[in-house]
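Input: a single structure, listed below in structure tokens.
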Amino acid sequence: MVYEKLLNTIVVKGAAYLILLDPDKLPDEKLFPFIIHCEKSGVDGFLVGGSLIIDGDIKVFIEKIKRTTSLPVIIFPGEVNQVCNQADAILFLSVISGRNPEHLIGKHVLAAPLIKKSRIEPISTGYIIVESGSMTTAEYISGSLPVPRNKPEIAAATALAAQYLGMKLIYLEAGSGASQPVPNEMVKAVSEYCNIPVIVGGGIKSPHIAKEKVDSGAKIIVTGNFFENEDNWGLIGSFAEAIHYKLTVTV
Ligand code: 1GP
């Protein structure tokens with residue numbers, strides 16, 4: 001089970017590192033070397049999907065990833081039509097920062113039978129979109145207001161409500177390519193207030209920033225955009241090292 005595997009990674013390494021792959025942005029000639037590089041550099045798994053996929057075919061894309069790696073592949077859905085049986089699991093996301101019923105429960109009713117049929121593992125996740133500068137795709141597409149970045153207490157109360165509703169993960173999302181990541185104070189407030197693992201993603205552009213989020217209590221870090229530039233691939237290992245703090249040997 002992917003969820004148990006993630007929990008185990010958190011226990012062993014301190015935190016887990018997932019890379020978000022966008023079917024629109026990774027042609028085959030880049031995808032295969034990138035996946036192999038990620039695996040060698042200590043990445044723990046992949047998220048695939050996003051709020052808006054224009055050209056890519058997610059099913060074919062995941063098939064290609066699965067042929068290249070044994071690491072878990074988890075759908076990060078932006079739409080019901082991103083459910084497919086090629087993946088290992090799906091983040092069953094509810095946009096709990098917003099008040100748009102379609103993204104709180106509506107899409108889920110349509111997706112649930114498809115997930116059952118596909119037999120992939122649903123991982124119930126409270127998705128909290130956080131204000132990060134200019135409006136992000138996630139905010140726009142979900143038609144919801146983000147949590148103000150200077151209001152960690154709202155994020156913490158929202159996360160605790162998700163925990164009480166039985167959700168298994170919290171995703172603090174600044175949005176892909178965000179100019180500012182989720183503030184450390186908010187990561188800390190949420191991590192201290194609830195006791196389910198907190199994922200932090202959006203605008204994390206250096207190992208140092210990733211480490212700050214882990215030091216603040218994040219248990220899973222997601223990066224996406226940063227590695228669209230091939231020149232940055234050399235840094236994947238440094239991200240993994242910063243995130244897997246329990247593996248760091250001190251002399
Ligand atoms: C977006 O959290 C992810 O949903 C990753 O964001 O692309 O900014 O790394 P970036």
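Odds and ends about this structure:
- Within region 162-213, the set of residues being β-branched (Val, Ile, Thr), within 9 Å of the ligand (Cβ to nearest atom) and not in a loop (DSSP other than H, G, I, E, B) comprises Ile199, Val200.
- Residues in region 214-251 that are in a loop (DSSP other than H, G, I, E, B) and either more than 14 Å from the ligand (Cβ to nearest atom) or surrounded by fewer than 16 Cβ atoms within 10 Å (Cβ to Cβ) (or both): Ser216, Gly217, Lys219, Asn229, His244, Thr248, Val249, Thr250, Val251.
- Test result for Ser94, in contact (Cβ under 8 Å) with a residue 60 or more places away in the chain, within 20 Å of the chain's Cα centre (by Cα) and farther than 21 Å from Pro197 by Cβ: no
- Residue match in region 149-157 (condition: within 16 Å of the ligand (Cβ to nearest atom), polar (S, T, N, Q) and at pLDDT 95 or above): no
- Residue check for Thr136: surrounded by fewer than 19 Cβ atoms within 10 Å (Cβ to Cβ) and of a type in the set (S, T, N, Q): no
- Taken over region 62-83, residues that are surrounded by fewer than 23 Cβ atoms within 10 Å (Cβ to Cβ) and either more than 18 Å from the chain's Cα centre (by Cα) or within 16 Å of the ligand (Cβ to nearest atom) (or both) amount to 11.
- Leading residue by the ranking (nearest to the ligand (Cβ to nearest atom)) among those in region 126-146 that are under 18 Å from Ile204 (Cα atoms) and hydrophobic (A, V, I, L, M, F, W, C): Ala138
- Search result, residues across region 43-61 that are touching a Leu at 6+ places or on another chain (Cβ under 8 Å) and away from the ligand (no atom under 16 Å from the Cβ): Phe61
The values are calculated or read from the model by the stated rules, or taken from the named source; none is laboratory data. Predicted model only: the values in this text are computed from it and were never measured. Cβ sites come from the backbone with ideal geometry, for glycine too, and all protein chains shown count toward neighbours.
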